[in-house]
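K.L.:
Encoded as structure tokens, here's the structure I'll be asking about.
Since every read-out is calculated from the coordinates, none of them should be taken as a lab result. Keep in mind it's a predicted model, so treat the numbers as computed, not measured. For neighbour counting, all protein chains shown are included, and Cβ atoms are generated from backbone atoms with ideal geometry for every residue, glycine included.
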Amino acid sequence: MVPLSWYLIVAAGLFCLGLYGVLSRKNMVAILMSVELMLNAININLIAFWRYQDPARIVGQAFAIMVFAVSAAEVAVGLALVISLYRRRKIVIAENVDLMKW
Amino acid sequence: MTTESLIWLLPLPPLLSFFLIILFTNRNRALSHTIGVGAAALAWLGSMIVFLRAAFGEGGFHHLGEHPFHSAIAWLPVGETTFNIGIQIDPLSAATLFFVGWTIFMIFLYSVGYQNFGQPEGDHDKKGLPPHGATVTDEHGHKHTVLSIEPNYSRFFAFLSLFAFGMYVLVVSDNLLTLFVGWEIMGLCSYLLIGFWFAKPSARAAAIKAFMTTRIGDVFMLLGLAYLYSQTGSLSYRVIFSPEVLEHLAHDPAVGGFLGLTTASLIGILFFMGTIGKSAQFPLHVWLPDAMEGPTPVSAMIHAATMVSAGVYMVIRIFPILSAGAEHGLTPAMSTLAVIGSFSALFAATIAIAQNDIKRVLAYSTISQLGYMIAALGIGAYVAAAFHLITHAFFKALLFLGSGSIIHGMEHGILHTGDHHMDPQDMMNMGGLRRSMPITFWTFLIGGLALSGFPFVTAGFWSKDEIFADAFANGHYTVLIVLALTAFLTAFYTMRQIMLAFAGEPRTKEAEHAHETPWTMTVPLMILAVFAIAAGWVGIPNDFLGLNLGEINWIHGVSYTLVLSEFELEGITFSFIPLTISLAVALGGLVVGGVMYRDFKAGQTDPVKKMLGGFHAVLQNKYYFDEFYHATFVRFSQWVSETFSFQWIDRGIIDGFLHTLARVAFFLGGVFRDRFELPVISGGADWVASVFQWFGQTFRTIQSGRVQQYMILVLVNVIAFGFLFYYLVEVVGR
Amino acid sequence: MDFIQDHLLTLILFSPTFVAFVMVFFPSNEDNLNRWAAFVGSLIPLVFSLVLWFNFDRTQTGFQFEEQAVWYSAINSSYHLGVDGISLPMVLLTTLLTPLSILASFGIKDRVKSYMILFLFLETGMLGVFVALDLLIFFVFYEVGLVPMYFLINQWGSEKGERELWGGMKVSSRLYASFKFMIYTMGASLGLLLAIQMIGAVSGTFDLIELYQSWTALEGTLFGLSIGQVKAIAFWAFAIAFAVKVPVWPFHTWLPDAHTEAPTAGSMILAGVLLKLGAYGFIRLVIPLYPGEAKYYASALAFLAMMAIIFGAFASYGQTDFKRLVAYSSVNHMGFVVLGIAAAAWVASGPNVQDGIIAMNGAVLQMFNHGLSAAGMFFLVGVIYDRTHTRNLNDFGGLFPLVPVYGGILIFTSMASLGLPGLNGFVSEFLVVRGSWPVFTLFTALSMIGLLFTGAYILKGIKQTLHGPLNEKWIGQLSEINSRELWVIAPLMVLMLWLGIWPAWLLGVINQAVTALFG
């Protein structure tokens, strides 16, 4: 059987990929997509830990489903904000959105 | 109607008349005076019925003295008991009611004429000033100046009605409190009537002077009421004059052992102070002459015949208290009465001889005659005092009304000549009026002779004679001499007055054109003249001239009022000595006066002035009492009021203290503000705020608004905290 | 009907407040609506108190129409109301004077609605003091009344005049007067509050009826002091609070200022009712709660009363401002109230209790009488001030022919104030003098100086306004008293006359309660 660490390595790689995307991409849509990557990495972790550590209970699966729900909601709100920003100010670049600046 | 209910109703018509006139009819003069005179007539009628029932009812005065008409109701609840008020008619009040009823009715009738009813309204008359005359044009186109009607005609009758109410209340009361009520209501009316021509500053000042001076007496009387009430638990005559109460009062020392007096004496003196004010005795006599500022002579008559008599009436009323404990000679209270009364009598008589104003002479003679009565009471001759009170009321009313008639006649003359600077009251401007005003002359003569005590016919003779006889029989020779001297002066100035006014030739054009007054004025004069003679006959001694005349001395019935008093008069037997004195002084004074002023010509110096020299000025200025009082009491109380009480105490000391407190509070507030509030509280809060501000200023730069920068910061923090936790858990924790 | 019977006092007490709350929703620019609403509204408590008056059982002693409800159970203070023969006349006086004052202030043009609302609140405050049977409730109402009065003086007071304080600093008169009034009375009642707290803490209740029994019987030590000392301190705290309110000489100087600067109706209420709160406090609280101390210090109180009578009269005589003259007359007249109270305190339950009963009867009756005559006098001063805009006596003179009706009324009211027999003031002054003479003979005798000068200042007022040569400048300026103003003064005059002729209708009620108080 594939050891647990393999899954964790894949998940860590995927997480770093997402993190890099979040921090470096300029396009807000791309940032959102990167966030999805990070969330999915976490899902992999959750499932892996469940399967290897405590398969008797379904806590890990439940958590993963929660994350799906959250990420779906997040994307929905996030995309809506992006579209709204785009419609009003014609921007999709995160750096240019500095309304909250001091 | 029972007599009691009739007595209850006696004061009512004048009171109703007052309210009716004030509230409803004051625009209608005829209606007003009809109501006023009608009310006075009703009250007069009632008084006469009561008097007749009292005097000639079952057993006469003797029976009445023991069983007076009496009825009372509870008026004030005090604690478990009540204070009762009611009415009572005993011989004294019946006799008083008789002259009060007559004189008041006469005043009302006389006022109709005196205030010029039926005359046109004046050309320039103003309310609050005497009428100045009106111009009328007759059918031939000639203009005449005639007397004009009083502008406040209706109001005059309203005030008179209220006055009558007060007097009736005083007379019918069965207790000293309602007596006091009537007393003060009359005081108010006196104020209103003296100040009837209120727009004249002199009248205004005189009104205030009268009210204030009598009020000095009244506050003492109020104390007397309180004292008597607290000692006896009642003010009703039946209780306070009962032997047990008098016994108690006569032997109880006065509160705080005041001057070693007994309670009875102190109470008596307190009450007598009220009389000093009301009856204008020395030293509170100053208001009465000034009261002549009122409409001549109606209010003057109030201040001569009726209201001032109330003072004497009250002293006779409380005579049992004054004399309580008099077994061993006079009580201190009685001595006070004797001294003040006889001094006032002589004192006022001396002033009267130097006055030229016809009303002022009469005013001083009033003081003098009231002094007579007080002195008589002081030596215990209460019957004589009551007798003189009655006769004096009639003849003095007559004299005042007569003088009013003279003045009215003179005003007629003034309107004729048009010289408005002429004083119609100055006797020097008169003369020879006997021809133009015959009725006034004869009635005035009768009154004057009665005042002088002209022997055997006039009322004044009999009453004065009785006082002399009492003084002589009881051995009060000082009083006798002083009163005899006064009687001489009285006869003298009365004759001087009659001579100056009526005898000789007119000294001015105005006197030439004087005119007899209308019937409303002369009829009262004639009626009163009858009484000025006949009122004396009821007091002829039973043994006059040593004859046995039977029980003719009816006035002695008054003494049954006081049967409960312990004071017994010495049985007086007739003596020729006081009679001789009486004859000598009366006739002597009349003759001297007659001779000196028989043919006094215009521009001549007053013989009295010639005779007295410099002292005349002192007399003419009334011994400078007004000036003295003004310089001392009046000025002093003004200073106390305006400067001492208000400026010094209230504004200076008390407010000054309060302001100092406020200043201290302000100062402390300032100190706290500057030393504590500003640096510590306020400064401390500011410091905390500024620290936070600095913090914010410093850290706000990281708020770039860039999402990705924030995320980097989060990442850095997560890593940093990760290391921190690792360190804490793995390194420190183990 | 039963509800009304059972809650009559609450209805009387809070109906003005209720009307005031309703009036809050009225448009503020409808002046006439507001005036009439306030007037009609203030008639409601009057009607209720007439119901109270006619249903009051005169044969019974003690409190009637009692109501009790839980208010503050933690400290045992309850909403306890009740009236007896002493407070009943005061309730009647308050509910009578308020509508009259409101009617008198129809001439107010500035912020009518607020003015009227304040007035109605003021009425509740005053009534509460008279009907409260709980110390805490008493105190609450005692203080509540100050606030509306402060604003009435401060906002609607006379516009002219300045008062110099110190160092040339000047403030407007009404500001000065309202501050003095507020701070003086508030400051004085601080001690009252502390003493009430102490009584409550010691006795465990604020209920007056219980305290009448328990507090006077208290013995032992408190706070390390003997009970006598504690009571003496508490007595003075009470006495000073009420003495300022009455006011007793020398605490009186706020009064002429406040009365003079207040609007006419405010002066009417101030003199008519507010001063009575102090005297009522003496009768309701000081004498029953501290009989021993009251007796001990009675002569001091009588001395101060005498000073008030004498110097009140003198100071009044020294004025040239008509309103201030009338204001000082209140000091003079309230002196008699205090004199009567002092005499009653001295003889309380002794062998001469009859003197005390008479004096106390006189004092309570004098409170009522002064309420009528002082309110009347202030109103009449206000009438002439409205027309001439001056209060200086030297500016008037000879006005009688211009305003005969007004003149007659002024003379009538002045005479009532002077204590002319036949009018109300005399009866009460006589009773006070009668009651206090055997007790404080010297003080009573000296007070007569004040009574004499009462005459002097009253006559001065009449002399300078009505009598004398006519001051020509008022011809055409001064109009006769109008019918609204007649409606204000007429009830007062009727009562003055009626009380002077037949005082028993009121005195019977008072006597019953006073006799019970000393029984």
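K.L.:
Test of the criteria: in the stretch C:184-277, which GluC sites (Glu not before Pro) are in a DSSP loop and have at most 14 other Cβ atoms within 10 angstrom of their Cβ?
P.N.:
Working: sites: C:E210, C:E219, C:E261; in loops: C:E219.
Of the GluC sites (Glu not before Pro), the ones in loops of the stretch C:184-277 whose Cβ has at most 14 other Cβ atoms within 10 Å are C:E219.
K.L.:
At 7 Å along the Cα-to-beta-carbon direction for both C:Q68 and B:S242, put a label point, then send me their distance in nm to one decimal.
P.N.:
Inter-label distance under the simple model: 4.6 nm.
K.L.:
Which residues does a label at B:F544 reach in the stretch B:451-487, if reach means a backbone N under 13 Å from a point 7 Å past the Cα toward the Cβ?
P.N.:
B:454-466
K.L.:
Pick out, in residue order, every one of the trypsin sites (Lys or Arg not before Pro) in chain A that is DSSP loop and has at most 14 other C-beta atoms within 10 Å; say none if there are none.
P.N.:
Details: sites: A:R25, A:K26, A:R51, A:R57, A:R87, A:R88, A:R89, A:K90, A:K101; in loops: A:R25, A:K26, A:R57, A:K90, A:K101.
In loop regions of chain A (DSSP not H, G, I, E or B), the sparsely surrounded trypsin sites (Lys or Arg not before Pro) are A:K26, A:R57, A:K90, A:K101.
K.L.:
State the Cα centre-to-centre distance between the stretch A:40-102 and the stretch B:453-515 in whole Å.
P.N.:
So the two Cα centres are separated by 135 Å.
K.L.:
Report the Cα centroid-to-centroid distance between the stretch C:228-250 and the stretch C:503-519 in angstrom, as an integer.
P.N.:
25 Å
K.L.:
Do any chymotrypsin sites (Phe, Trp or Tyr not before Pro) in the stretch C:1-72 lie in a loop, going by DSSP, with at most 15 other beta-carbon atoms within 10 Å of their beta carbon, and if so which?
P.N.:
On the way: sites: C:F3, C:F14, C:F18, C:F21, C:F25, C:W36, C:F39, C:F48, C:W53, C:F54, C:F56, C:F63, C:F65, C:W71, C:Y72; in loops: C:F25, C:F56, C:F63.
Passing both the DSSP loop test and the Cβ count: C:F25.
K.L.:
Set the Förster radius R0 to 22 Å, insert the Cβ-Cβ distance between C:I75 and C:L225 as r into 1/(1 + (r/R0)^6), and round the FRET efficiency to 0.05. Kindly include the intermediate steps, with their values, before the conclusion.
P.N.:
Details: r = 23 Å, r/R0 = 1.03.
With a Förster radius of 22 Å, E is 0.45.
K.L.:
So how do C:497-507, C:156-166 stack up, highest first, on mean other-Cβ count within 10 Å?
P.N.:
Ranking the peptides C:497-507, C:156-166 by packing returns C:497-507, C:156-166.
K.L.:
Give a residue-ordered list of calculated ³J(HN,Hα) values for the stretch C:374-380 (Karplus: 6.51 cos²θ - 1.76 cosθ + 1.60, θ = phi - 60°; whole Hz; x for Gly, Pro).
P.N.:
5, 4, x, 5, 5, 4, 5
K.L.:
Okay, moving on. Would you please classify the overall shape of the stretch C:1-97 from the alpha carbon gyration tensor, given that a ≥ b ≥ c denote the square roots of the eigenvalues, rounded means a/c under 1.5, and beyond that prolate means a/b larger than b/c while oblate covers the rest?
P.N.:
Numbers: a/c = 2.68, a/b = 1.53, b/c = 1.75.
The shape class here is oblate.
K.L.:
Still on this structure: Packing-wise, with mean Cβ within 10 Å as the measure, how do B:420-428, B:603-611 rank, highest first? Intermediate results must be reported in sequence, preceding the final value.
P.N.:
On the way: B:420-428: 16.6, B:603-611: 12.9.
Going by the mean number of other Cβ atoms within 10 Å, highest first, we get B:420-428, B:603-611.
K.L.:
Using the alpha carbons of the stretch C:280-337, what is the convex hull volume per residue in cubic angstrom, as a whole number?
P.N.:
Cα convex hull per residue, to the nearest whole number: 59 Å³.
K.L.:
For the Cα atoms of chain B, what angle does the longest principal axis make with the long axis of helix B:683-699, in degrees from 0 to 90, nearest 10?
P.N.:
30 degrees
K.L.:
At 7 Å along Cα-to-Cβ for each site, give me the label-to-label distance between A:S84 and C:L175 in nm.
P.N.:
5.4 nm
K.L.:
What is the Cα radius of gyration of the stretch B:293-400 over 2.2 N^0.38 Å, N being its residue count?
P.N.:
1.11
K.L.:
Place a +1 charge on the Cβ of each Lys and Arg in the protein assembly as shown and a -1 charge on the Cβ of each Asp and Glu, then give the dipole magnitude about the Cα centre in debye, rounded to the nearest 20. Can you show the working numbers first?
P.N.:
Values: 69 positive and 82 negative charges, 921 e Å.
Charge dipole, the protein assembly as shown, about its Cα centre: 4420 debye, nearest 20.
K.L.:
For the stretch B:88-98, what does the Karplus curve 6.51 cos²θ - 1.76 cosθ + 1.60, with θ = phi - 60°, yield as ³J(HN,Hα) per residue in whole Hz, taken in order and with x for Gly and Pro?
P.N.:
8, 10, 10, x, 5, 5, 5, 5, 5, 4, 4
K.L.:
Moving on. Taking the alpha-carbon distance from C:K180 and a cut-off under 24 Å, which lysines remain once sequence neighbours fewer than 8 residues away in the same chain are dropped?
P.N.:
In chain and number order, the partners are C:K160, C:K170, C:K245, C:K276, C:K323.
K.L.:
Okay, moving on. Going by amide H atoms built from the backbone, whose H comes under 5 Å of the H on C:S77, apart from near neighbours?
P.N.:
C:Y72
K.L.:
Find, to one decimal place in angstroms, the Kirkwood hydrodynamic radius of the protein assembly as shown, where the mean of 1/r is taken over every pair of different Cα atoms and then inverted. Can you show the working numbers first?
P.N.:
Numbers: mean 1/r = 0.0275 Å⁻¹.
The answer is 36.4 Å.
K.L.:
Report the FRET efficiency, 1/(1 + (r/R0)^6), for B:E505 and B:W442, where r is their Cβ-Cβ distance and R0 is 25 Å, rounded to 0.05. Walk me through the intermediate numbers first.
P.N.:
On the way: r = 19 Å, r/R0 = 0.77.
That gives a FRET efficiency of 0.85.
K.L.:
What does the average come to when, for each residue of peptide B:702-712, you count the partner chain Cβ atoms lying within 10 Å of its Cβ? Mind dumping the intermediate values first?
P.N.:
Numbers: counts 1, 4, 5, 8, 7, 9, 8, 3, 1, 6, 2.
Mean partner shielding for this stretch: 5.
K.L.:
On to the next question. Once label points are set 7 Å from the Cα along Cα→Cβ at both B:W639 and C:L442, what is their separation, rounded to one decimal in nm?
P.N.:
Each label point lies 7 Å from its Cα, and together they span 2.5 nm.
K.L.:
Still on this structure, please answer the following. Relative contact order for the stretch B:339-457: what percent, with Cα pairs under 8 Å and sequence separation of 6 or more?
P.N.:
Working: 108 pairs, mean separation 30.3, N = 119.
With pairs under 8 Å counted, the relative contact order is 25 percent.
K.L.:
For B:K509, go through the lysines and keep the ones whose alpha-carbon is under 19 Å away, minus same-chain ones fewer than eight residues off.
P.N.:
B:K601
K.L.:
From the Cα trace of chain B, what convex hull volume per residue do you get, rounded to a whole Å³?
P.N.:
Numbers: hull volume 246.0 nm³, N = 734.
Taking only Cα atoms, chain B has a hull volume of 335 Å³ per residue.
K.L.:
Here is a further query. Using the beta-carbon distance between B:R598 and B:T632 and R0 = 41 Å, what value does 1/(1 + (r/R0)^6) give for FRET efficiency, to the nearest 0.05? Can you show the working numbers first?
P.N.:
Values: r = 43 Å, r/R0 = 1.05.
That gives a FRET efficiency of 0.45.
K.L.:
How many Å³ per residue does the convex hull of the Cα positions in chain C occupy? Could the numbers behind the result be given before it?
P.N.:
Values: hull volume 77.6 nm³, N = 519.
Given the Cα convex hull of chain C, per-residue volume reads 149 Å³.
K.L.:
So, one more: Could you give the angle, 0 to 90 degrees to the nearest 10, between helix C:404-418's Cα long axis and the longest principal axis of the Cα atoms of chain C?
P.N.:
For helix C:404-418, the angle is close to 30 degrees.
K.L.:
Once you have a ≥ b ≥ c as the square roots of the Cα gyration tensor eigenvalues for chain A, tell me rounded if a/c is under 1.5, and otherwise prolate or oblate according to whether a/b is larger than b/c.
P.N.:
On the way: a/c = 3.91, a/b = 2.18, b/c = 1.79.
Judged from the Cα gyration tensor, chain A comes out prolate (a/c at least 1.5, a/b above b/c).
K.L.:
So between B:F574 and B:D419, what do we pick up on full extension, going 0.36 nm a residue minus the alpha carbon distance? Before the final figure, lay out the partial values.
P.N.:
On the way: separation 155, 0.36 × 155 = 55.80 nm, distance 5.62 nm.
Difference between extended and current length: 50.2 nm.
K.L.:
Please give the contour-minus-distance gain from B:Y727 to B:W519: 0.36 nm per residue of separation, less the Cα-Cα distance, rounded to one decimal in nm. Walk me through the numbers before you get to the answer.
P.N.:
Details: separation 208, 0.36 × 208 = 74.88 nm, distance 13.65 nm.
Using 0.36 nm per residue and subtracting the Cα-Cα distance, I get 61.2 nm.
K.L.:
Going by alpha carbons, how many degrees (0 to 90, nearest 10) lie between the helix axis of B:576-596 and the longest principal axis of chain B?
P.N.:
80 degrees
K.L.:
Another question about this same structure. What's the extension gain from C:I4 to C:V405 if we count 0.36 nm per residue and subtract their Cα-Cα distance? Could the numbers behind the result be given before it?
P.N.:
Details: separation 401, 0.36 × 401 = 144.36 nm, distance 4.14 nm.
Additional length available on full extension: 140.2 nm.
K.L.:
Next up: How charged is the neighbourhood of A:Q61? Take every other residue with its Cβ under 13 Å from the Cβ of A:Q61, and add Lys/Arg as +1 and Asp/Glu as -1. Please list the in-between numbers first.
P.N.:
Working: positive: A:R51, A:R57; negative: A:D54.
For residues surrounding A:Q61, the net value is +1.
K.L.:
Here's a follow-up. Cα gyration tensor of the stretch A:17-61, axes a ≥ b ≥ c as square roots of the eigenvalues: rounded (a/c below 1.5), prolate (a/b > b/c) or oblate?
P.N.:
The shape class here is prolate.
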